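Read the structure below first, then the notes.
The values are calculated or read from the model by the stated rules, or taken from the named source; none is laboratory data. What you are looking at is a predicted structure, and each value in this text was computed from that prediction instead of being measured. Cβ sites come from the backbone with ideal geometry, for glycine too, and all protein chains shown count toward neighbours. Side chains are part of the model used for accessible areas, which takes the heavy atoms of the whole protein and leaves out ligands, DNA and RNA. Shrake-Rupley method; radii C 1.70, N 1.55, O 1.52, S 1.80 Å.
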Amino acid sequence: MTVGTTIPSPLGELLLVGAQTDTGFTLTSLSMGDRRAGPAVRAAAPFTDVVRQLEAYFAGELERFDIAFTVGGTEFQQRVWAALEDIPYGTTTTYGALAARLGLPRERVQALGAAIGANPLLLVRPCHRVIGADGTMRGYAGGVERKVQLLTHEGALQPALL
């Protein structure tokens, strides 16, 4: 059975979706609450550990998540998503550098971007740490302003002076 819940965060409402598997409860999706409709069944209890880790992350006490999640995606997406998990907290990489690390030819960078954009686990798989070669913030499913917030929170960007 698929269940979901929403939680408040510094980014706005987060939508957590998960499912019971043979090995226990796994997270299947973490998105911005304003982006997608959640499952009909709402339950907060299965997400206790996920919520604890997210709260620790936003409090600056956690840099890497240890959350059971459903892998999903195509073989190519899985390769790209696994590479995202290796980008250290507080750092960024570029689409081109990530493609090179995966041994992808230049003409596959667009496919890499599409795979990153299809990441169903925002924050947990840190797709926000991938930026343009010129340092610009490219698309982010949660919105570019949230990408900037996350990178600033992690210390990869300096806070803007107003």
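Here is a yes/no grid of residues against (1) out of contact with any Gly (no Cβ under 9 Å at 6 or more places or on another chain); (2) of a type outside the set (Asp, Glu); (3) at pLDDT 95 or above:
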{"position": "ASP34", "(1), (2), (3)": "no, no, no"}
{"position": "ALA43", "(1), (2), (3)": "no, yes, no"}
{"position": "GLN53", "(1), (2), (3)": "yes, yes, yes"}
{"position": "LEU62", "(1), (2), (3)": "yes, yes, yes"}
{"position": "ASP66", "(1), (2), (3)": "yes, no, yes"}
{"position": "GLU75", "(1), (2), (3)": "yes, no, yes"}
{"position": "ALA100", "(1), (2), (3)": "yes, yes, yes"}
{"position": "PRO126", "(1), (2), (3)": "yes, yes, yes"}
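Would you check which residues across the range 46-65 are of a type in the set (A, V, I, L, M), part of a loop (DSSP other than H, G, I, E, B) and within 15 Å of the chain's Cα centre (by Cα) and list them?
Of everything in the range 46-65, just one residue is of a type in the set (A, V, I, L, M), part of a loop (DSSP other than H, G, I, E, B) and within 15 Å of the chain's Cα centre (by Cα), namely LEU62.
Of all residues being of a type in the set (Val, Ile, Thr) and either touching an Asp or Glu at 6+ places or on another chain (Cβ under 7 Å) or without any contact (Cβ under 8 Å) to a residue 40 or more places away in the chain (or both) in the range 18-65, which is least open to solvent (accessible area, probe 1.4 Å)? Just the residue, please.
Among those that are of a type in the set (Val, Ile, Thr) and either touching an Asp or Glu at 6+ places or on another chain (Cβ under 7 Å) or without any contact (Cβ under 8 Å) to a residue 40 or more places away in the chain (or both), it is VAL50.
When the residues of the range 84-118 are filtered to those that are open to solvent by 60 Å² or more (accessible area, probe 1.4 Å) and assigned to a helix (DSSP H, G or I), which remaining residue is farthest from GLU61 (Cα to Cα)?
Within the range 84-118, the match that is farthest from GLU61 (Cα to Cα) is GLU107.
If we scan the range 9-27, do we find a residue that is assigned to a helix (DSSP H, G or I), at pLDDT 95 or above and either farther than 21 Å from VAL148 by Cβ or touching a Phe, Trp or Tyr at 6+ places or on another chain (Cβ under 8 Å) (or both)?
Step one: of the range 9-27, the residues assigned to a helix (DSSP H, G or I) are none.
For the range 9-27, residues assigned to a helix (DSSP H, G or I), at pLDDT 95 or above and either farther than 21 Å from VAL148 by Cβ or touching a Phe, Trp or Tyr at 6+ places or on another chain (Cβ under 8 Å) (or both): absent.
Determine whether ALA141 is open to solvent by 50 Å² or more (accessible area, probe 1.4 Å) and of a type in the set (A, V, I, L, M).
no
Select from the range 119-141 the residues that are in a loop (DSSP other than H, G, I, E, B) and either over 19 Å from GLY73 (Cα atoms) or touching a Lys or Arg at 6+ places or on another chain (Cβ under 6 Å) (or both) and list them in ascending order.
ASN119, GLY132, ALA133, ASP134, GLY135, THR136, MET137, ARG138, GLY139, TYR140, listed by residue number.
Just give me the residues in the range 66-83 being among the aliphatic types (A, V, I, L, M), in contact (Cβ under 8 Å) with a residue 12 or more places away in the chain and either open to solvent by 50 Å² or more (accessible area, probe 1.4 Å) or assigned to a loop (DSSP other than H, G, I, E, B) (or both), in sequence order.
Residues satisfying the conditions are ILE67, ALA68.
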